[in-house]
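Step one of this worksheet: look at the structure below.
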Amino acid sequence: MERLDVHMLLNTKVLTKKPIKFSTSLLFEQTVEKSEDKTALVYEEKQLSYATLNQLANKLAHVLIKHKVAPENLIGISVPKELELIIGLLAILKSGGTYVPLDPEYPQDRLNYMIKDANLTIVLTIRALEKRFSDFKGVVIFIEEDEDFLRQSSANLNISILPDSLAYIIYTSRSTGKPKGVAMSHRSIVNRMLWMKKKYFTEINPIVLQKASYNFDASLWEIFIPLICGGKLVLLSNEEAKDIYALEGLIKRHQINSIEFTPSVIALLLDTDILKYPCLKYIFSSSEPLSASLFNKYRKTNYSAKIINLYGPTEAAIDSTSYECENKNYKSDIPIGRPITNTQVYILDEILNLVPIGMIGEIYIDGIGLARGYLNKPGVTAEKFLPNPFRSNSRLYKTGDMGRYLPDGNIEFLGRIDNQISLRGFRVELGEIESIIQTISGVSQVIVLLREDRPNQKQLIAYIVPKVQENKHAGKEELNYLLINTIKQTCQDKLPDYMQPNFIVIIDQLPITLNGKIDKKALPRPKERDGLAQYQKPIGRIEEKLAVIWSELLKVGQVSRDDDFFDLGGHSLLATQLIARLRSRENIEVPLKAIFEHRTLSNLAHYLNRTQLKEGLLPPITLVPRDVPHVLSFAQQRLWFMEQLLPSIGLYHNVSSFKLLGNLNVPALREALDALVMRHEILRTIIINENGIGLQKISSEIIGFEFKENTEVAEDINLFIKRPFNFETEALCRALLLKHSNQEHKLIFVFHHMIMDGWSMDIFYQDLWQRNWLCGEILSKQLNFWQNQLQNIKDLMLPTDYPRPKILSYCGGYVVANLSQDISHVFDDYAKHYQITPFTLEKQLRNINLLLPEEQSLLSQWNKTQVHYPKANSIHQLFEATVVRIPDNIALVCNERTITYRELNAKANQVAHYLLTLGAGPEIPVAIAIDRSIELIIGLLGILKAGSVYVPLDTSYPQERLAYMITNSQASIIITRSKEYENLPASYSLEIILDEITGTLAQFSTNNPIVSLNPENLAYIIYTSGSTGKPKGVGALKDLDISSDNDLVIYNEYGPTEATVACSVYKISEVCVGQNIPIGKPLHNMQIYVLDKHLNEVPIGVAGEIYIGGAGLARGYMSQPDLTAEKFIPNHLLPECIDGKQFSGQRLYKTGDLGRYAPDGNLEFLGRIDYQIKIKGFRIELGEIESVVQSVLGVQQALVLCREDIPNQKRLVIYAVGSSLIDLEFEERVELETKLIKNIQLVCQQQLPAYMQPNLIVLLDKFPLTQS
C-alpha cells in the first residue's frame, strides 16, 4: 500500500476533471472560425488559408459521404506529402471515417497486407500512384481529378462524431512477420493535442515543420497541433526530409519554431547550423533514448531551443510522458519525465506488483490515451492491454520497456525486455524480419540482431544457417552468395528500408548456451566483407575520393568499386552526411535521391563525373581583404537600388523595442553596444557609391554604436525611426533610450535591412543581453551559488527490495510451516528446472503450479479438443452450401407460410446486393428490427452475405435502450418493416422498410454476392445486461468451428454470449435425482479451465472460477476496451503449439461463474461469484437495474435481489431507501411513498426491457448492516 500511495502521488498531478468531448475535426473547425484568413498550410510555393483548407476538406468529405462512408468506416489514404494529403486526412475525419495511412514508399506486399487486413473498400490517392492499387477491388478516388469534388458543398458537415469513435489505424511492426494495426480513438488523440497546446503553445503560435511519415504517429502532432492552435503547418517532402540543406532552408524561410528529431538526427545536425537558428523554440526528441553525452554536446553549442524529451508507444497516442531538459550537464541518460495529462504510469514486476522507487521494472501505461486495441487481433490485444489492478474500469498497456521511478518523480527509461528495438526512430520487431527471411527456401535458421560494433552506428545483422544443399554446378561459397542475394531481394520486396539488414552473415550453426538456448552474445561480429563480392580497387580520382569518404562514414577499411553504400551499413542519415562531405571537400552539390539511385561506388562516381558540371560547382569560401571596398550581395544591391529610387521614407528600417524594468546600468549598456560593433563587422560597414555602383566598406576606425538618451515624445520617436541613414558616412544602426523613471526604460533599435534580417537580429540581441547582464559581479555570484549547491552531491544509492532504514536495527522475524512431501517435490523440481536452490525462490508461492503431475495431465487432456473442420469463412457460406445440396427443401415455416432453401437464398441475396449499394460491407454494423418471421431470417442472411455485422433490435425494448444500442454499435443502416418501424427511436441511421421496397429489391441479382471476408471479421453484436447501467454489446466473429450431433436426445448446454452461445455440453441419458446435472465437457476447439484468484488451475473437485478459451470467443465489447481487457485476458495455460498448430495470441474469457471438474472430466456449475443472475434464460446484471433506480428523483439508495420465496418462482425485488421520508406524518408519507414507487416503475418501464423490470418494490428507512 505504501508503494501504491507513492505511485498514485506521482500520478495525481496529471489528472483533470474535464472530460474530452471533442473530435479531432471539430477542434480544427473551431480554430477555423477564429483564424479564417490566416495561413494554415504551406507546401513549396503553395499555401492555403484556414478557410480555404476547411472548404476543400468539406468538399472531399461530401464526396466520401456520397460513397456511403459512415462512422468508423476504414478508408485508406496514399498520397505524397503535399497539400492533398492534409485535405484528405481532414476529409476522412470530417466524414466520420477512420483513416488508414498507406505510405507509397512501402513495399507492395506490405501495402497489400494492410489493405486486406483493414478490409478497405475506399482508397484516396492520386493518379500518379494508380498502379499501386491496380489489384484493389474497392473504390479508388483520385483526389486531384475527382470531377464531383469541386461541385460539392463547402459547408461543415452535420455529422455527430463521438469522442470514442476511431480516428485512425496505424500499422506497427509485429514479431510474427505481419504488422498490426493500432486502433486509436478521437478522445485519445484529442487529449494528447490539448495537453501539448496547454503546455507549450499558449503564448506562441506553433509554426511546425511536418517531416515524419504519416505512417507513424509522430505525424499526428506535427499536423494537428498547428491546425488546432491557429499556427502554420509547413510540409516537408520525404526527399527534403533527408536533405540537410533543404531542411535548413525551410526552417530559416518559414521561421519554424517547433520541430521533432530523433536523437540520431540531433547527433547528425550538431555539426550544422540548423539547431542554432534563433526562431527554434522547441526541439522535441523522441523514439530513442536521449543520451547525456549528446545533450551535453548540444548544450555547448550556441543553441536557443529547449529540448523536450518525449516518450510513448503508438498504443498510447504518440506520447505518455515528457521531460524538459535543464541547462546543466547530465551524468546519465536524460529521463523521460512524468506522465502527461490524464495518463498514469506504473513500474511493475512480473506479477504486476508495484516496485519501490529506484527499482527496475516494466513500464505500464494507463489513461485516456490508450488505443482501443489491435485491429482484428483480439488475442494480441488481450496480451498487451490488461485490466488495471489499481484502478477500476481502466486498463494497463504492457509496453515491454524497462524503467524506474527516480526520487524526484521522473521516470528513467532503461531499454527493452523483448525482441523489439528502436532504430533511427523506427520501432522494429526483429521477429518480423526473421519471419520474412525464414520463408526463403534455402534458409534453415535465422536470428536478427541490432549491433553497435562501431560507435553511434547501429546496424541490423541477419545470421543465417543455410539448408544443406547438393549442387554439382556450384560450390558452397557460390551457393551462399546466391542465398545472400535472394535474402536481400526478398527483404527489399517485403520490408521498408529501415527494416532491411545491413549485413547478412552465413554460419554453420547457431551457438547454444548450457541451458539449450541460443547464445546471442556468441554470434560473431560481421567481417567487413561478409556477404559482399570480391574486392575490386577503385579506379580514377573520383572513385578514390568517394572510397575515402565512404570509409570514414561507414567505419570500414576497404571499399570496393562494386560495393553498395547501403550494404556496407549506410542509411538515409549517413547519406545526408555523404552529401555534406562531397559539398565541403569537392564543392559538388548532389541531390539525395542520387545516392539512392546510384548505390554502388562506381555508379555514383560515374554519375558525378557526368553531372558535376551541370549540378553546379560551389566556389570555396575565401577570406577577402578588409581594407578595400567590395561589391554588394544581390539582395543588398536590390535594397540599395530601392533606396536610390525612394529615399528618406524609412521603407527598409527594421525596428524593435524593449521595456526594461529595474535598475539600468546605462554605461554598461553603452559599453556592450560598442563591443558588439567591434565584434560584428557588418555593424561598422558603410555603403559608398562609385560611378553608380554600390560598394560596402568595413570601417577600420574604432567607432561606437550610435546611442541617444531622451524623454518619451511621440514626434521625436517617429523622427528617430524614419530618419534616413547616410550610407557613406555612418553605420546602418542606431539606438534610442527613453527614460520613464529610475525603474523603467524603453530601448528602441533601428537597423537597415541591408545589414540585418530576422535571423541576424536574434543573434545580435542574444549577444547584447548576455554581454550586458552575465558579467562581473553577477557572473561570480551565479557561479558561487551553484558551486555551493552542488558541492555535497552524492551518487544515487539504489534501494533494496524495501526502503533501507536510516538506522540498521537487525529486527526481523520468521514463519514456520510444514509442507507435505508432494508439495516439497514440486519445489525441488521447480528449483532444479531453474538451476537455483529451494532457498532462493524467484516467484511468490501463489505463482508456482502446485498441481500433482497426474492431475495436471488429466486437466490438460480434457482440454485437448482440437478438431479440424473444412474451413468456411462464415455461417452464410455454410448455408449457401446447403442450398446447393437441397435447393427445393422447405427451409422455413412461420405460421401458414413456408419458403424453400432456393427462395430464401434468392431473397437474401437481393437484400445483400441492395445493402452493398448503400455502403454495407465487412465490419459495417447493420441493425435489424423485425419480429420473428421469415423476413427476419431473410434480413439476417442478407446482412451476413453483404459481409456486414448484424445488430438485433427488439422493438419491445424501451426507446431509450434501443437508441443507446443504435448509437453504441454505430449502425449506419436499420432494416425493419412498417409494423416495427413505429416503435423505433429517432436516429441518424438510414432506415430500410422491407415491405415498402419489394419492387426495388426485385431489381437486384439473386446470385450469391462475392464479398472478400476475413475470418476475424465480426458477424454480429448482441447486447447483454451491463452492471454500469448500460447494456454492453458483445461482438462475435464470423470464423466459427461448428460441430453437430444429430441424435434426438436432451443436452444440457452451457455458455455465455461472449463464447458464442455454447462452449460445453452434457448429454443427458438418464434422470439425475438429487444432484445437479453437469454442464459437460468442452466442445470441439474450445477449452474450459477452473482457476483460483491468482489464475492457477485448481485441483480436480475444488471449486474455482470458470474461464473459457478457444475458437468461439467474441472479439470483445463494442466501444468498451477497458471492460474487454478486464474480461478477456491472455491464455497463459495453452501451449504455443499443439500437433504442429500455432496457438499464440489466444485468450480466456473470465465468466464470473463458479464451477469444478468432476473426476470423470465433466464440469459442474456452482453459481455466480458476482452480481449477475439468470431469469427465464435472460442474463441480468442486477447493478444495471440498481443504476436505473438510483437515477429516480427521491431515491437515496437502491438494492436489487433475485428472491425465490416460493419454489420455482424467481422474482426481482427492489429495496429502496427514499430521501426525506422518515420525519413525515403517516398520511403524507404514504402519499409520497406511493408516488415514489410509481416513479420507479415508470422509469424502469422506460429504460429496461420487460424481463428486467421488478416484480416488487419495497421502501425502507435504511438498509440493515452487518457488524462489519
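All but one of (1) of a type in the set (S, T, N, Q); (2) closer than 28 Å to V265 by Cβ; (3) in contact with a Ser or Thr (Cβ under 6 Å, 6 or more places away or on another chain) hold for Q536; which doesn't? Status for Q536: all satisfied but (2).
Among the residues of the range 1124-1162, those identified as at pLDDT 85 or above and farther than 18 Å from L1095 by Cα are A1158, P1159, D1160, G1161, N1162.
A Cβ distance below 9 Å, combined with a sequence gap of six or more or placement on separate chains, defines the contacts here; from the range 985-1006, residues that are modelled with pLDDT of 90 or more reach no residue that is loosely packed, with under 12 Cβ neighbours inside 10 Å and in a strand (DSSP E or B).
Let's see how each residue does on (1) surrounded by fewer than 18 Cβ atoms within 10 Å (Cβ to Cβ); (2) under 28 Å from P71 (Cα atoms):
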position	(1), (2)
Y901	no, no
N905	no, no
L918	yes, yes
I934	no, no
L941	no, yes
S948	no, yes
S956	yes, yes
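Within the range 983-1026, if we keep just the residues that are of a type in the set (F, W, Y) and farther than 24 Å from Y901 by Cβ, the residue that is surrounded by the fewest Cβ atoms within 10 Å (Cβ to Cβ) turns out to be Y988. Only one entry in Q1246, Q1253, Q1197 is in contact (Cβ under 8 Å) with a residue 40 or more places away in the chain and over 30 Å from L953 (Cβ atoms), namely Q1197.
Would you mind stating whether E36 is in a loop (DSSP other than H, G, I, E, B) and either farther than 21 Å from Y168 by Cβ or outside the structural domain of K131 (by TED's automatic domain parsing) (or both)?
Answer is yes for this residue.
For the range 152-161, the criterion of being farther than 26 Å from N73 by Cβ, touching a helix residue (DSSP H, G or I) at 6+ places or on another chain (Cβ under 7 Å) and at pLDDT 90 or above is met by none of the residues.
Here is the figure for the range 242-287: residues that are without any contact (Cβ under 8 Å) to a residue 24 or more places away in the chain and of a type in the set (A, V, I, L, M) total 1. Where strands (runs of 3 or more DSSP E) fall wholly inside the range 1147-1208, the ranges with 1 or more residues that are among the hydroxyl-bearing types (S, T, Y) and under 18 Å from C1063 (Cβ atoms) are 1147-1157. Restricting the search to strands (runs of 3 or more DSSP E) fully inside the range 884-948 and requiring at least 1 residues that are under 44 Å from the mean Cα position of the chain (by Cα) gives 925-929. Listed conditions (1) modelled with pLDDT under 85; (2) aliphatic (A, V, I, L, M); (3) part of a loop (DSSP other than H, G, I, E, B) are all met by M754, apart from (1). For R1211, indicate whether it is among the charged types (D, E, K, R), in the same structural domain as P1082 (by TED's automatic domain parsing) and either in a loop (DSSP other than H, G, I, E, B) or in contact with an Asp or Glu (Cβ under 9 Å, 6 or more places away or on another chain) (or both). Considered against the rule, which asks whether it is among the charged types (D, E, K, R), in the same structural domain as P1082 (by TED's automatic domain parsing) and either in a loop (DSSP other than H, G, I, E, B) or in contact with an Asp or Glu (Cβ under 9 Å, 6 or more places away or on another chain) (or both), R1211 comes out as no. Annotation: K488 fulfils all but one of (1) among the basic types (K, R); (2) touching a strand residue (DSSP E or B) at 6+ places or on another chain (Cβ under 6 Å); (3) closer than 21 Å to Y106 by Cα; the unmet one is (2). The single condition from (1) more than 17 Å from K1030 (Cβ to Cβ); (2) surrounded by fewer than 18 Cβ atoms within 10 Å (Cβ to Cβ); (3) within 44 Å of the chain's Cα centre (by Cα) that G1161 fails is (3).
Is it the case that the range 925-932 has a residue that's more than 26 Å from T900 (Cα to Cα) and in the same structural domain as I890 (by TED's automatic domain parsing)? The answer is yes; a qualifying residue exists. Restricting the first member to the range 894-913 and to residues that are touching a residue at least 24 places away in the same chain (Cβ under 8 Å), and the second to residues that are crowded, with 20+ Cβ neighbours inside 10 Å and among the hydroxyl-bearing types (S, T, Y), the beta-carbon pairs closer than 9 Å and six or more apart or on different chains are A912/S948. Pairs linking a residue in the range 690-702 that is under 14 Å from R626 (Cα atoms) to a residue that is at pLDDT 85 or above and assigned to a strand (DSSP E or B), with Cβ atoms under 6 Å and 6 or more positions apart or on different chains, are L695/I688; Q696/H630; Q696/T685; Q696/I687; K697/I686; K697/I688; I698/T685.
Helices (runs of 4 or more DSSP H) wholly in the range 172-272 with at least 1 residues that are in contact with an Asp or Glu (Cβ under 9 Å, 6 or more places away or on another chain) and more than 24 Å from I340 (Cα to Cα) - which ones?
Result: 238-241, 244-254, 263-269.
When L613, L646, L573 are screened for being at pLDDT below 80 and closer than 24 Å to S551 by Cβ, only L573 passes. The criterion of at least 1 residues that are among the β-branched types (V, I, T), under 19 Å from the mean Cα position of the chain (by Cα) and farther than 22 Å from E324 by Cα is met, among strands (runs of 3 or more DSSP E) falling completely within the range 375-446, by 395-405, 420-423, 426-429.
The one condition from (1) closer than 23 Å to F224 by Cβ; (2) in the same structural domain as I204 (by TED's automatic domain parsing); (3) modelled with pLDDT under 95 that L294 does not meet is (1).
Quick one: which of V628, V677 is part of a helix (DSSP H, G or I), modelled with pLDDT of 85 or more and either not aromatic (F, W, Y) or not assigned by TED's automatic domain parsing to the domain that holds S584 (or both)?
Values: V628 fails: part of a helix (DSSP H, G or I).
Residue meeting the stated conditions: V677.
Taking the range 276-346 as the region of interest, the strands (runs of 3 or more DSSP E) fully inside it that hold 3 or more residues being of a type in the set (A, V, I, L, M) and within 16 Å of V265 (Cβ to Cβ) are 306-311.
Take N485 and tell me if it is modelled with pLDDT under 85 and not assigned by TED's automatic domain parsing to the domain that holds S560. It is false that N485 is modelled with pLDDT under 85 and not assigned by TED's automatic domain parsing to the domain that holds S560. Among the residues of the range 1240-1268, the ones that are polar (S, T, N, Q) and surrounded by 14 or more Cβ atoms within 10 Å (Cβ to Cβ) come to 3 in all. Taking (1) of a type in the set (A, V, I, L, M, F, W, C); (2) more than 30 Å from V1034 (Cα to Cα); (3) in a strand (DSSP E or B) in turn, I357 satisfies each apart from (3). Scanning the range 576-594 for residues that are surrounded by fewer than 15 Cβ atoms within 10 Å (Cβ to Cβ) and of a type in the set (K, R) returns R585, K593. With the structure loaded, tell me whether A533 is modelled with pLDDT under 80 and in contact with a helix residue (DSSP H, G or I) (Cβ under 8 Å, 6 or more places away or on another chain) or whether it fails that test. Yes.
The values are calculated or read from the model by the stated rules, or taken from the named source; none is laboratory data. This structure is a prediction, so every number in the text was calculated from the model and none was measured. For neighbour counting, all protein chains shown are included, and Cβ atoms are generated from backbone atoms with ideal geometry for every residue, glycine included.
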